[in-house]
Every structure is written in C-alpha cells, then in structure tokens.
Amino acid sequence: MPDSLDAPASRASHDSRDALDSLVEKRSIDVVPDAERHGTAFSQFTLWLGANLQITAVVTGALAVVFGAGAFWSIIALLLGNLLGGAVMALHSAQGPRLGLPQMISSRAQFGVRGAIVPLLLVIVMYVGFFASGSVLAGQAVGELTHLGDTTGIILFALITGVAAAVGYRLIHTLGRIAGVVCALAFVYLGIRLLDRTDLATLLHDRTFDFPLFLLAVSLSASWQLAFGPYVADYSRYLPRTTSPKATFSWTLAGTVLGSQWSMTFGALAAAAAGHAFVGNEVSYIVGLGGGAAVITSLLYFVIALGKLTINVLNTYGGFMSMVTSISGFRGNATLSPRGRAAYIAGIMVAGTAVALLGKDSFLSSFKDFLLFLLTFFTPWSAINLVDYYAIAKERYDIPALSDPGGRYGAWRWKALSTYAVGVLAQLPFLSTHFYTGPLVAPLGGADISWLVGLAIPAALYWLLAHRDTAHVPDHMILAPEPSPDRPYATEPG
C-alpha cells in the first residue's frame, strides 16, 4: 500500500523535474543542432519590442532634451539613429539561424580563435555597465514596490535577473512576449496621462534646429541599437536553419525600432514637459503620471521592474556567453556544466550590482557618457564582422574551425586586429564626453560623429586588406558535427 500511494507523488516529482529540465537551457556556446531548432522569425519582433519598452530607453530619449535640444528635432533625430543603428544590429541577428552560434563566436572568423578575446573583453565590460545602469532604475522601482529602499531593491532585482538568465533561452523569449504586451499597455496609459497634463503642440512648438544637439540625439539612439550587436544573434540562433535571413532581419529591425522609438519619444516628451524635475527623479516622475492611486502606482513600479528584468536578463546572459567564449578560446571546451554556468552568471551579476550600488547617485550624466564611449569600441567590431560575413566570406564559414586555434582561422588574425585598433583610434578626434573631448569636436560645433567614423573607416580598411585574401573561406558552409558515426561533418550542398 505505501508503494502504491507514493507512486503518484513520485511520478509527479519526476514530471516536474522533466518540465524543469526542458525549460533550463543545455547549450552554451556550442552549435545548436538542427533537431533542437524551433520558432519563427516573428519571435525576434516580440523579444526586441519587449526589450526596448522600458525605462532606460525612456531615459535615453529624455537625455536629448535634458542636454538642450527641443522635443521636435530630438524625436526626429532619435528615429534616425534607431533606424541606422537598428539596421546594423538586425544584420547581426540574421547570422543566428545560419550559424546556430552565439554572436561573438563568429568574431573568431575575423579575429582568430584567440584574437577574438580583444573585442570580447570590451563586450563584457558593456554587459556589466548595462546591467548596472538597468539595476539602478529597476532597483528604484523594486525598492518603492517593497518599501525596502533603493539599495535593497537593486540587490533583489539582481538576484531575480541571475535566476532568469540561468534558466536561459526559452524563458528569455517568454519574458520578452509578456513584457511587450504589459509594457505596451502601460506606455499607452502613461502617454495619455502625459498629454492630459500638457499640450502636445506646446511640447513640439520649439523648432529651433541645433546641428550638434541633433547629432547628439542621433548618436544616443544609434549607440543604444549598436550596443545590442554583440549579442543579438544569441537570441536568433535557435531558429531553424531554413529561416529566411530577410525575415529575421525585418522582424528584428521592426521590433527594436518600434520599441525603442516608442520609449524614447515618450522620454523626450516627458523631459520637455517636466524640465529639471525629470533629472534625478526619472522613476518617481513617470510613476507620478499614473495619478497617485496606490494600485496604479504599484502596477507602474511593477511594469518598470518587468521591463528592466527583460533587458537585464539579456545583458546577464550575453555576458555569460562572452565570458565562456573568451575562456574557451584558450581552453578549448565549448560545453559547460550547470555549476559552471551558474558561476559565470553569478560573476556578471555581482560585478554589475557592485557598479550599480557605487554609481546610483550620479546615474544620468554617467549613463550618457557610458553610451557614447561604448560606441567607440563596438562600431569597429560591427563593421569588421559584417563586411567579413556578408561581403568576403559570403555567409560561408567553417564552424568546427571556429573552435580550433590550429584550423583555417588560426589563433590570431592580425588584419582584423589592426583594423580594429585603427577604427578605435580614428574615432578619438571626434569623440565628445565629459571626461574626454577630441580636437575635431569644436570645429564641428560640438557635434559627436565618432560613431560614423567608427563604422566607415574599419569597413573600408578591412575590405581593402582582406577581400583578396580568401584562402580561409570554404567553398561551402561547413556545419557542426552531427551525432552520426559515419559522417563527422556535414557540408551544405553547392
């Protein structure tokens, strides 16, 4: 009798473990086999819509107005930057289904299996920085929601983020879908409340055009989009290999531009309406638009935390992938135990939380400089990666060789590394931040065009250096080993 009574409970426990096992991601930086591919390109729309309908994007849009531009030209400039940066980001996304690999692994084809650590180290810094900046704003919301204060809110938010990132890919996409719907409804409500308080025509009345401030706003939104580039394919790599690159590109671009422009437009209008009251009180001001009712206030704090949870999970997961990619280039292993996975994620979480706690009192100005400075290091990487993938290799990579320092890509590829260095240095004369301003900024009226230089010069230079050197490019895409003893590698038909 006891055995028969225990059997249902045992089966239920076993079923629960199976369900959890199916949810927790098994892959890290290894290739996703075709048998494990799933979903449609539309999943990229829902993920990137949800990832961008959040308060840090609102603050990014507000920065254009806070630093002196009118709302009218700020909104136009932000749209231009989102479209330009979003197109570059979406080109990276289209690589995911084709390669079945995390984004930064493909950098080994340009920089070498070990040379890819150079941009990777900077990418990891980016993830920690974005985790920190997101935690500051989300921590304010969680602190208000729980009545435990900002510091405790930041720590609680970081712990929840780490758990979600450890579960992995499926949960990340689920969060994106939920956040997209919930945050869209919240932004519609907040937009209505904002326009109840102030007249839209009044907010857009100032049509004074200031070219440097216009370029600043373009740079802010472009840098927002370009910063997704180093990890965007992490979230498209499970799509079936037959997924149309055009569909992946289009849905990614639509989701990221719609979500970010919606948030940034709201931020620009809110900053224009609030003036100096917005600076330093971003969360409380936005929640205050809700009208003061306790239920509405709590819901808005929850929405802010949910939106930030989505993007911070992306940052934590991307940081984990980049750390594993960096180390595996020297150690050679591509798989990871659950304990190892948890350790990497904990490292990103602890570092990001520490930065958040240290910088929470000077967030707004620091975040603007952080965004623009990041652009210096990621535009050359994007240019090199995209030129190599689309124009030189023409989407033909030897995937097994990406893990072999003695293979066709070698350990270090100096043409890409030297181009990358030139790309970074070429931007410095045009860079404008609080801690450094290049000598060519003043002659341009204070405009920062460093990101344009960082795209154009590395793209042209890498093409000139590498387009004739195609000995490392296979005739066809060489796929990852399949689980078949009689066929060690699969090759796409010609």
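None of the figures in this text is laboratory data; all of them are computed from the coordinates on show. What you are looking at is a predicted structure, and each value in this text was computed from that prediction instead of being measured. Note that we place each Cβ from the backbone using ideal geometry, even for glycine, and neighbour counts take in every protein chain shown.
A simple rule links phi to the HN-Hα coupling: the Karplus curve 6.51 cos²θ - 1.76 cosθ + 1.60 with θ = phi - 60°, which for region 420-436 gives 4, 4, 4, x, 5, 5, 5, 7, 4, x, 9, 8, 10, 9, 5, 9, 7 Hz, with x for Gly and Pro.
Annotation for region 108-160: chymotrypsin sites (Phe, Trp or Tyr not before Pro) lying in DSSP loop with at most 12 further Cβ atoms inside 10 Å of their Cβ do not exist. Each peptide in 50-62, 389-401 gets a packing score, the mean of other Cβ atoms within 10 Å over its residues, and the list from highest to lowest is 50-62, 389-401. Kindly list the residues of region 270-295 that lie in the label zone of residue 146, defined by a backbone N under 19 Å from the point 7 Å along the Cα-to-C-beta vector. Correct set: 283-284. The count of lysine pairs in region 31-467 with alpha-carbon distances below 20 Å, taking only pairs 8 or more places apart or on different chains, stands at 5. Placing a pseudo-label 7 Å from each Cα along the Cα-to-Cβ vector at residue 331 and residue 178 gives an inter-label distance of 3.2 nm. Sorting 112-123, 182-193, 261-272 by their mean Cβ neighbour count within 10 Å, with the most densely packed peptide first, gives 261-272, 112-123, 182-193. Residue separation of residue 428 and residue 36 scaled by 0.36 nm, minus their Cα-Cα distance, works out to 136.7 nm of gained length.
Annotation for region 412-481: chymotrypsin sites (Phe, Trp or Tyr not before Pro) lying in DSSP loop with at most 10 further Cβ atoms inside 10 Å of their Cβ are 435. Going 7 Å from the Cα of residue 159 toward and past its Cβ, which residues in region 114-148 have a backbone nitrogen under 15 Å from where you end up? Zone members listed by number: 139, 142-143, 146-148.
Phi-derived couplings, Karplus 6.51 cos²θ - 1.76 cosθ + 1.60 at θ = phi - 60°, listed residue by residue for region 224-233: 4, 6, 5, 5, 6, x, x, 9, 5, 6 Hz, with x used for Gly and Pro. When +1 charges are put on Lys and Arg Cβ atoms and -1 charges on Asp and Glu Cβ atoms, the dipole computed for the chain relative to its Cα centre reaches about 580 debye.
At q = 0.09, 0.13 Å⁻¹, work out log10 I(q)/I(0) for region 31-467 with the Debye formula, treating every Cα as an identical point scatterer and leaving solvent out; two decimals please. Cα-only, vacuum Debye calculation for region 31-467: -0.53, -1.13. For the pair residue 281 and residue 343, label points projected 7 Å from Cα toward Cβ lie 4.8 nm apart. The fraction of all Cα pairs in region 387-447 landing in successive 5 Å bins from 0 to the largest distance is 4, 14, 14, 16, 13, 9, 10, 10, 8, 2, given as whole percents.
Once both labels are positioned 7 Å from their Cα atoms along Cα-to-Cβ, the gap between residue 476 and residue 394 label points is 1.5 nm.
Once backbone amide H atoms are built at 1.01 Å from N, residue 398 has 478 as its partners under 5 Å, excluding neighbours fewer than 5 places away on the same chain.
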